[in-house]
Amino acid sequence: MDELDSIFSDDWGDDHRSGLVAVVGRPNVGKSTLINAVLGQKVAIATPKPQTTRQRQLGIHTTAEAQILFIDTPGIHKPRTRLGDYMLSVARHALRDADVVLWIVDLASSPRKTDRQIADAIRLFARHSPVVLALNKCDLVAAESDFGAQRSLFDTPHVVLTSATEPRGLCDLLNCLTPLLPLGPRYFPADQVSEANLRFIAGETVREKIIELTSEELPHTVAVEIMGFEETPDISRIEAVIYVERESQKGIVIGKRGSMIKRIGVAARAELQEMLETKVHLETRVKVLKNWRSNEAFMRRLGYALPKGKAG
């Protein structure tokens with residue numbers, strides 16, 4: 001049996017490993033970009049703007065020896081809205097569930113107060129899990145640097161230099177994570193890289209294009225709801241509603257004479273067509289829903305709410 005056959009075989013050995021790896025870090029350190037690079041394809045939206053990831057997202061990496069389930073979490077930050085509370089809860093729950101914690105630290109900037117708070121959260125919520133410290137964006141710093149400030153954030157023997165954009169250090173990272181996982185079976189088919197459904201992927205793709213193409217304040221105030229998703233062999237018809245909190249934000253998303261919403265639609269449609277391998281008809285509308293980030297009923301409808309009794 002060659003390597004490819006062994007990956008797709010259901011006959012794994014007694015030494016096969018599998019488990020959850022919680023990927024944590026402060027906003028904008030490159031968590032989603034690094035996971036996408038490891039998996040070799042896009043499973044999470046990634047933009048240069050912070051707090052892009054809102055929900056727990058699972059990326060699945062399978063080899064003959066192991067199946068690593070990466071949990072991409074929102075950047076740990078001080079919440080200012082109910083949405084922020086939810087995002088922080090997602091990160092905390094991921095730490096509690098993790099077999100291994102992968103803490104991504106930005107080498108291109110000095111450690112901050114948030115980094116020390118993350119260290120405290122790991123000690124509190126994942127005290128029994130091994131921690132791998134990934135010093136990311138190593139391509140942006142001098143090779144002779146000792147990275148002492150970043151290494152001192154957490155006492156762990158597992159430290160790896162990585163760069164998602166080069167990419168560099170990805171094999172080292174996988175080789176570090178694999179032996180730390182518990183022995184266990186393969187939980188997902190070998191060719192599956194995500195558990196997200198197509199409606200979720202479509203909504204996240206539209207939101208990503210809004211974040212990339214519009215101003216700084218919009219990433220935090222935009223939500224996308226997929227109201228219709230119809231697939232046929234020849235075309236996928238998708239209806240998306242974009243929510244913002246103020247009329248001025250609606251104007252930004254629509255743009256002068258509809259120019260911005262057209263750009264958003266063209267960019268999202270092109271990416272979705274590549275993913276779905278079919279023609280896509282994408283219809284978008286923009287609505288104002290004041291203070292939706294503090295509207296628990298609406299957030300629950302969008303999937304931004306933990307089950308009752310599990311907040312924290």
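The values are calculated or read from the model by the stated rules, or taken from the named source; none is laboratory data. What you see is a predicted model, and the numbers here were worked out from it, not measured in a lab. Neighbour counts run over all protein chains shown; Cβ positions are idealised from the backbone, glycine included.
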May I ask you to verify whether residue 258 is surrounded by 13 or more Cβ atoms within 10 Å (Cβ to Cβ) and farther than 30 Å from residue 89 by Cα?
no
From the list 107, 140, which residue is more than 17 Å from residue 21 (Cα to Cα), at pLDDT 85 or above, of a type in the set (A, V, I, L, M, F, W, C) and surrounded by 21 or more Cβ atoms within 10 Å (Cβ to Cβ)?
107
Confirm whether residue 243 is modelled with pLDDT under 90, crowded, with 19+ Cβ neighbours inside 10 Å, closer than 27 Å to residue 92 by Cβ and not acidic (Asp, Glu).
no
Hey, among the residues in segment 148-184 that are within 22 Å of the chain's Cα centre (by Cα) and charged (D, E, K, R), which one's surrounded by the most Cβ atoms within 10 Å (Cβ to Cβ)?
168
Taking into account only those residues within segment 294-312 that are outside any loop (DSSP other than H, G, I, E, B) and among the basic types (Lys, Arg), which is modelled with the lowest pLDDT?
300
Any chance you could count how many residues in segment 185-214 are in contact with a helix residue (DSSP H, G or I) (Cβ under 8 Å, 6 or more places away or on another chain) and surrounded by fewer than 15 Cβ atoms within 10 Å (Cβ to Cβ)?
1
Going through (1) modelled with pLDDT of 85 or more; (2) in contact with a Pro (Cβ under 6 Å, 6 or more places away or on another chain) one by one, residue 65 fails only at (2)
When you check residue 282 against the structure, is it at pLDDT 90 or above and touching a Phe, Trp or Tyr at 6+ places or on another chain (Cβ under 7 Å), yes or no?
no
In segment 218-276, anything part of a strand (DSSP E or B), under 23 Å from the mean Cα position of the chain (by Cα), in contact (Cβ under 8 Å) with a residue 40 or more places away in the chain and within 17 Å of residue 197 (Cα to Cα) is listed as 225, 238, 240
